[in-house]
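The values are calculated or read from the model by the stated rules, or taken from the named source; none is laboratory data. None of these values were measured; they are calculated from a predicted model. With ideal geometry, Cβ positions are generated from the backbone for all residues, glycine too; neighbour counts draw on all protein chains shown.
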């Protein structure tokens with residue numbers, strides 16, 4: 001076991017053995033897992049710990065059988081996500097620093113998360129996953145490795161990238177309109 005794998009596992013220690021309260025597909029390949037008690041924060045209920053599978057490819061296995069991947073039909077993802085809520089506890093986390101793959105073990109299920117192969121202009125904010133913790137900290141794995149930051153700073157960098165993309169797209173659109 002390497003040091004990086006142990007470091008990643010230590011952050012997940014409080015939720016090892018816990019069943020996710022909610023597993024929810026998001027936009028594109030996004031998946032969120034919520035663990036621990038829920039409370040109202042800024043008018044919304046959220047769990048104490050949240051794992052956000054973000055800009056990555058992922059594959060879910062049951063035993064040796066591949067159930068689905070990040071390109072699967074949304075309805076299939078939703079149905080199998082409910083199975084994880086009902087049947088599985090997070091039992092282990094394994095991280096391979098060379099490939100940057102993380103495997104999340106949920107009893108007989110394995111979720112293998114790897115760097116996205118669909119991004120054209122990758123930067124340090126393109127995290128593969130982010131784990132939000134109750135002390136307002138977030139640990140994330142991305143192109144620059146494992147980072148631990150204030151959770152609100154992590155959101156700011158994601159929002160900043162989103163804003164940069166939106167501004168770039170608007171600029172391109174305006175440029176095209178001016179040439180028409």
Would you check if residue 60 is part of a strand (DSSP E or B), within 15 Å of the chain's Cα centre (by Cα) and within 18 Å of residue 5 (Cα to Cα)?
-> no
From the residues in segment 108-137 that are more than 19 Å from residue 55 (Cβ to Cβ), touching a helix residue (DSSP H, G or I) at 6+ places or on another chain (Cβ under 7 Å) and not in a loop (DSSP other than H, G, I, E, B), which one is modelled with the lowest pLDDT?
-> 137
Going through segment 21-46 in order, the residues found to be assigned to a loop (DSSP other than H, G, I, E, B) and either over 28 Å from residue 68 (Cβ atoms) or more than 14 Å from the chain's Cα centre (by Cα) (or both) are 21, 42, 43
Could you please give the count of residues in segment 138-164 that are at pLDDT 75 or above, out of contact with any strand residue (DSSP E or B) (no Cβ under 6 Å at 6 or more places or on another chain), surrounded by fewer than 15 Cβ atoms within 10 Å (Cβ to Cβ) and at negative phi?
-> 2
Sort out which residues of segment 81-109 are without any contact (Cβ under 8 Å) to a residue 40 or more places away in the chain, more than 20 Å from residue 17 (Cβ to Cβ) and within 17 Å of the chain's Cα centre (by Cα), and write them in order of number.
-> 99, 101
Please state which of the following conditions residue 33 fails to meet, knowing it meets all the rest: (1) modelled with pLDDT of 90 or more; (2) farther than 18 Å from residue 133 by Cβ.
-> (2)
Restricting attention to segment 64-107, which residues are touching a helix residue (DSSP H, G or I) at 6+ places or on another chain (Cβ under 8 Å), assigned to a strand (DSSP E or B) and closer than 23 Å to residue 145 by Cα?
-> 90, 92, 93, 94, 95, 96, 102
If you check residue 36 against the conditions, is it at positive phi, surrounded by 12 or more Cβ atoms within 10 Å (Cβ to Cβ), in contact with a strand residue (DSSP E or B) (Cβ under 8 Å, 6 or more places away or on another chain) and in contact (Cβ under 8 Å) with a residue 24 or more places away in the chain?
-> yes
